[in-house]
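Enquirer: One structure, pasted below without further comment.
The values are calculated or read from the model by the stated rules, or taken from the named source; none is laboratory data. Since we're looking at a predicted model, the values are computed, not measured. Here Cβ is always computed from backbone atoms with ideal geometry, including for glycine, and neighbour counts include all displayed protein chains. All accessible areas refer to the heavy atoms of the entire protein, side chains included, with ligands and DNA or RNA removed. Shrake-Rupley method; radii C 1.70, N 1.55, O 1.52, S 1.80 Å.
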Amino acid sequence: MLERPQAKGKGVAAHSPLPIRRVDAIPVALPLKTPMKMSGITIATAENILVRIEAADGRVGWGEAASAPTMTGDTLGGLVAAVRYLAPLLTGQDAFDRPALIPALRRALMGNAGAHSAIEMALLDLAGHAGNTRLVDAVAPKPLRTQVKPMWLLGNGTVEQDIAEAHTKEREGFHFFKLKIGVKPAADEIAAAHAIRQALGRNMPLCADANAGLTLTNAKRYVERTRPAKLAFIEQPLPPDDLAGLKALAKLRVPVGVDESIHSLADVAANARAGAAGVSLKLIKLGGFTAAYEAAKLCRRRRLKINVAAKIAESSIATAAAVHLACVAPNVDWGVSLTHFYLAEDIVKQPLAIRDGTVALPQGPGLGVEVDEAAVERFRVK
Ligand SMILES: [Mg+2]
């Protein structure tokens, strides 16, 4: 029998209670425009969990988390099971009482970061709708920015395709590109970095992400031989727990980022000590918005660069949450990765748009996106 949360959290008295009537876990499969090949996995369809929390007055909040077997260990079936396991702890409770609810959920179910993140996101969205406030206003004193410049991920079969796509995306306003590496032969990926640098010019921010797909020897070779291509950083070259390897690589005076290595604030601190220069923050890894925001503040204390990222690929629901996080993070020097752009179809009425190279912080209540429930039904995994 799960123990239901008891104590009321701070600040709850400011609102009339918002009792939760039902919690639904909705698995969806969202088609990508083109399959994305990364080290260890190719993604053609985004298998995500949606969490729909309905209050007694009929208001609804939405959350989303991507399955990420190679990053968080979350499979779609696991996400559904975790949300359904936690749902009885939420029904009947006051949706404003996150300070009591979130710790109770964490105590009831270890790990399962994606499920916790999607639930917290839905609670934040619901509270925002009920209180007519943006998500950012519920978590931070004031947003540090009201728009972000998204980066574009290049992961095609050939360098020619990457260059053609980069030029197209540059015309659409993208100003920061990330190369997927750790997939093709090392010599080809080194040559590609030079060719893409030449095609984009020396001022275009460019980085590379290996998704833990390199050996230390290959990682050293890659960073030494791509030095003239002036990559802003190389992300997760080595396996997530290889702190000794990270230390050895950082000695080459190259900015190394970590992504798959980060699942907690303790991971941020440990990787900083090992020489990481920056981190990629994703809500699904830290277990939710609040934890990711705490990690961002820790990054400031450790003088780490920050990349705020949604997972390949999340709809405008979770991507909106990433934009809110990017607008309160102390820095986004290593870019913002928004992934609804890679979907063939979105599940909100007005997907987050890029205008003049920027995506604006949504101004509506909660996440600031309106979910298209008919589209959700179309993509629901039966
Ligand atoms: Mg990454």
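Enquirer: Would you confirm, using the coordinates I've provided, whether PRO240 is within 16 Å of the ligand (Cβ to nearest atom), in the same structural domain as ALA266 (by TED's automatic domain parsing) and either among the charged types (D, E, K, R) or out of contact with any Cys (no Cβ under 9 Å at 6 or more places or on another chain) (or both)? Don't jump to the end; show me each part of the working.
Expert: Working: within 16 Å of the ligand (Cβ to nearest atom): yes; in the same structural domain as ALA266 (by TED's automatic domain parsing): yes; either among the charged types (D, E, K, R) or out of contact with any Cys (no Cβ under 9 Å at 6 or more places or on another chain) (or both): yes.
Yes, satisfied.
Enquirer: Output the residues belonging to the range 244-268 that are open to solvent by less than 20 Å² (accessible area, probe 1.4 Å) and either under 22 Å from GLU64 (Cα atoms) or without any contact (Cβ under 8 Å) to a residue 60 or more places away in the chain (or both).
Expert: The first filter runs over the range 244-268 and keeps only residues open to solvent by less than 20 Å² (accessible area, probe 1.4 Å), leaving 245-246, 249, 256-262, 268.
Matches in the range 244-268: GLY245, LEU246, LEU249, VAL256, VAL258, ASP259, GLU260, SER261, ILE262, VAL268.
Conditions tested, residue by residue: (1) within 15 Å of the ligand (Cβ to nearest atom); (2) closer than 26 Å to GLY40 by Cβ; (3) assigned to a helix (DSSP H, G or I).
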{"site": "ALA296", "(1), (2), (3)": "no, no, yes"}
{"site": "ARG300", "(1), (2), (3)": "no, no, yes"}
{"site": "ILE306", "(1), (2), (3)": "yes, yes, no"}
{"site": "ALA313", "(1), (2), (3)": "yes, yes, no"}
{"site": "THR319", "(1), (2), (3)": "no, yes, yes"}
{"site": "ALA322", "(1), (2), (3)": "yes, yes, yes"}
{"site": "LEU325", "(1), (2), (3)": "no, yes, yes"}
{"site": "PRO330", "(1), (2), (3)": "no, no, no"}
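Enquirer: Follow-up. Considering each of ALA140, ALA191 in turn, give the residue that is open to solvent by 30 Å² or more (accessible area, probe 1.4 Å), of a type in the set (Gly, Ala, Ser) and either in contact (Cβ under 8 Å) with a residue 60 or more places away in the chain or over 30 Å from GLY288 (Cα atoms) (or both).
Expert: Selected residue: ALA191, the only one of ALA140, ALA191 that is open to solvent by 30 Å² or more (accessible area, probe 1.4 Å), of a type in the set (Gly, Ala, Ser) and either in contact (Cβ under 8 Å) with a residue 60 or more places away in the chain or over 30 Å from GLY288 (Cα atoms) (or both).
Enquirer: Of all residues in the range 251-261, which are within 15 Å of the ligand (Cβ to nearest atom) and out of contact with any helix residue (DSSP H, G or I) (no Cβ under 7 Å at 6 or more places or on another chain)? Full working, then the answer.
Expert: Of all residues in the range 251-261, those within 15 Å of the ligand (Cβ to nearest atom) come to 255-261.
Within the range 251-261, PRO255, GLY257, ASP259, GLU260 meet the criteria.
Enquirer: Please verify whether the range 63-70 includes one or more residues that are out of contact with any strand residue (DSSP E or B) (no Cβ under 8 Å at 6 or more places or on another chain), at pLDDT 95 or above and open to solvent by 10 Å² or more (accessible area, probe 1.4 Å).
Expert: No, the range 63-70 contains no residue that is out of contact with any strand residue (DSSP E or B) (no Cβ under 8 Å at 6 or more places or on another chain), at pLDDT 95 or above and open to solvent by 10 Å² or more (accessible area, probe 1.4 Å).
Enquirer: Is it the case that some residue within the range 262-270 is farther than 25 Å from THR34 by Cβ, within 16 Å of the ligand (Cβ to nearest atom), of a type in the set (Asp, Glu) and touching a strand residue (DSSP E or B) at 6+ places or on another chain (Cβ under 9 Å)?
Expert: Yes, the conditions are met somewhere in the range 262-270.
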